[in-house]
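Presented below is the structure to which this report refers.
The numbers here are math on the coordinates, done by the rules we state, and not lab data. Predicted, not measured: the structure shown is a model, and the values here were computed from it. Quick reminder, even Gly has a Cβ in these numbers, built from the backbone with ideal geometry, and neighbours come from all protein chains shown.
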Amino acid sequence: MTPAGFDYLQPTSISEALEMMSLHQDATFLAGGHALLPDSILPERHRRHPRPSTLIDLGRIAELRGIEVVDVAGSPHGGDSGGAGRLVRIGAMTTTADIEYSPAIASTVPLLSEAAAVISDPLIRNRATLGGSLAEADPHGDWPPVVLASDATMQLRSRDSQRAVPAGDFFTRDGAGPGTGSTTLRPGELLTAVTVPVFDARTRCTYLKRMHPASGHAMLGVAVAVTVDADQTCRDCRIAITGAGAVATRAVRAEAQLVGSRLTPEAIQGAANAANDGIEFIGDAFGSAAYLAELLPIYLNRALSQLATPSTRR
Amino acid sequence: MPAISKLRREQAELRGRGRYRGIGLATYTEFTGLGPGRLTAGVGFSFGGWEYARVLVHPTGRVSVHVGSADHGQGHATSYAQLAADALGLRPEDIDVVEGDTARVEFGLGTFNSRSMPLGGSAVHECSQKVLAKARRIAAHALGAAVEDVHYEAGVFAASKPTGGGPRDSVTWEEVARLAHFVPDPPPGLEPGLDERVFYDPKGLAFPFGTYIAVVDVDPATGDISVDRFLAVDDCGPLINPMLARGQVHGGIAQGLGQALLEGARYDDEGCLVSRDWTTYAFPRAQHIPHLETAHTVTPSPLTQLGIKGIGEAGAIATPPALVNAVLDALAPLGVTHLDMPLHPEQVLAAIRQATDSRPLGGAP
């Protein structure tokens, strides 16, 4: 149960980290370590990753940390919202606790504050990072559905290029088996930041999570952001689900049920009934696939019902 | 502690509003303090039934208490020091408890069967009394008084009647400790030193008992169980340290709750263990533990020193049946009459579906 030997490198800039990655075969970036390190001590058949020969620790790179709200003109960040506006830029090595307690996040993209507060426990939130969780794309991760529901964009850098990938294009299944969520990160590429458009004042959001009793991950999680007009009509709706299948996904049919309607119990139930559409459920010892399929419509119904009354939340 | 009738009224009201509230009771009695030797021999163990203590007074007056029942988190250093301090008329901070080191502690059977306080504690108490009896003889000699005329309280030995020409009328614990080692003319028949050992073999087992009440709500849509209230009343005899005793009860309840609701080894279809580490085996964490309301009745055992009965395992005994009974009570209106631990929500939901003869789990709505 002790990890095999490995080399350990500690760059202090993004370019140095990318340079190191190009020089070392089988190297892996180390963020908060809460996915990689537990994985590395598992027996080989249970591991999600091959054992790295070199760890490149991103912990000393200041430019990978921090939260800033920026005004942008034109198409801001490659996301599908388009247009000019304000963005929140969160460095990939920003910890969950930093997000949880950031007043800037709470006032601009409150879905992230709410999600951060229910991730595992305070000890883990102090070390686990936003970027680490997204790059891991664990099928039960909390951040993947949150960036999907908040229309975020992943900022990626490699030695000779950079690109912006909308969250909806970032998560993939790699087909290697159940529970193997993956990403479109290319070899040698680093997730440096996440940009999130500032929520509309009419947007209400929630992250309803069923915590796995052993892992603290999401046994099931529903992230919802709905924008509601003064006449209570739903203008825009983004629903994302984690824990159910191989990777976090948008519930597009459920979203379509709501857009253009008011958030009535009937409309909400209609959306809930569509929640399972297209999902291949994957269970475990604490909840079979059939059980998760029972739970998901209930969770979506409860999340939306919470948002139908705007009094307590944005 | 609420009256059960009040809990039942609340339950009836909630049921009227479609909520599945349940109240579960469990009472227990256990035997603790395994010994005496003739009993352990009778059931086939060959290790005797005693527990060991050594009370060693240093020439400075500080006291080392060596105990053979090693602590694994119960707080022995505090409770044994309290017992010795009470028996010796000293403060707990005057006592050093030595344990868990076979180079320093000569003997010990161990901590199990909630026996540290009833047996180890009795050994410390009895051994402290032995030390004090010898100290009193040394004090009497120094005061020129008869032993029965020496009154001891809070670290001072005083002659209760004029000593008839004795050099003084009182002597402190520290002076007696020094005299015990360095006096030029020890009392006749008394060896120097203040160092006693006791192998305490009890007269019989102790029998703690108690009653636990769980109040739960079950979500009929998901099978989720939430514990609204959890009440524990234990009788472990006199409490040496109420806070440590409460800690023992809390820990036991957490273990019982883990057994009832969360834990269990699981294997996949190929026989591989899938509950293989702390991310796949659900032991209870702080977030799983409800607010616990604890209280005690005090019925001393006639068979141990001070009537102490032990509290280590109490919480783990009645918690599982109290919780399971509460869930069954909550689901009684639906006709659920049997559930097997651990009560994972999926199993609870499946039992609800089976009892109400509605669609099976995963079936079409």
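Data table
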quantity: Dipole magnitude of chain B about its Cα centre (Cβ charges: Lys, Arg +1; Asp, Glu -1), debye to nearest 20; calculated: 700
quantity: Dipole moment magnitude, nearest 20 debye, region B:37-200 about Cα centre, only Lys, Arg, Asp, Glu C-beta charged; calculated: 280
quantity: Ellipsoid equivalent to the protein assembly as shown - semi-axes via the Cα gyration tensor, in Å; calculated: 62, 33, 23
quantity: Leading residue at positive end of dipole, the protein assembly as shown (Cβ point charges), from B:338, A:287, A:37; calculated: B:338
quantity: Relative contact order, percent, chain A [alpha-carbon distance under 8 Å, six or more residues apart]; calculated: 14
quantity: Filtered GluC sites (Glu not before Pro), region B:194-297: DSSP coil and at most 11 other beta carbons within 10 Å; calculated: B:270
quantity: Residue among B:88, B:32, B:100 farthest towards the positive dipole end of the protein assembly as shown, charges placed on Cβ; calculated: B:32
quantity: Calculated Rg and Dmax of region A:7-60 using C-alpha coordinates, Å; calculated: 11.5, 35
quantity: Candidates B:266, B:15, B:104: whichever shows maximal mean-square fluctuation once chain B is modelled as a Gaussian network with Cα springs under 10 Å; calculated: B:266
quantity: Choice from B:194, B:14, B:261 showing the highest fluctuation, given a GNM over chain B with Cα pairs closer than 10 Å; calculated: B:14
quantity: Whole-Å semi-axes of the ellipsoid equivalent to region A:184-314 (Cα gyration tensor, √5λ, descending); calculated: 25, 20, 13
quantity: Check: the protein assembly as shown dipole with +1 on Lys, Arg Cβ and -1 on Asp, Glu Cβ, in debye; calculated: 1020
quantity: Cβ-Cβ FRET estimate between residue A:277 and residue B:3, R0 fixed at 51 Å, reported to 0.05; calculated: 0.50
quantity: Residues in region B:179-202 reached by a label modelled at residue B:60 [backbone nitrogen below 18 Å; 7 Å Cα→Cβ]; calculated: B:179-182, B:194-195
quantity: Sum of side-chain charges, residue A:271 neighbourhood, beta-carbon under 11 Å (Lys, Arg +1; Asp, Glu -1); calculated: -2
quantity: Counted charge near residue B:101, where neighbours are those whose Cβ lies closer than 15 Å (Asp, Glu -1; Lys, Arg +1); calculated: -2
quantity: Pairwise label distance in nanometres, residue B:101 with residue A:9, each label 7 Å out on the Cα-Cβ vector; calculated: 4.8
quantity: Region B:251-365 - Rg over Rh from alpha carbon coordinates, Kirkwood radius; calculated: 1.10
quantity: Dipole axis of chain A (+1 Lys, Arg; -1 Asp, Glu on Cβ), positive-most option in A:92, A:115, A:297; calculated: A:297
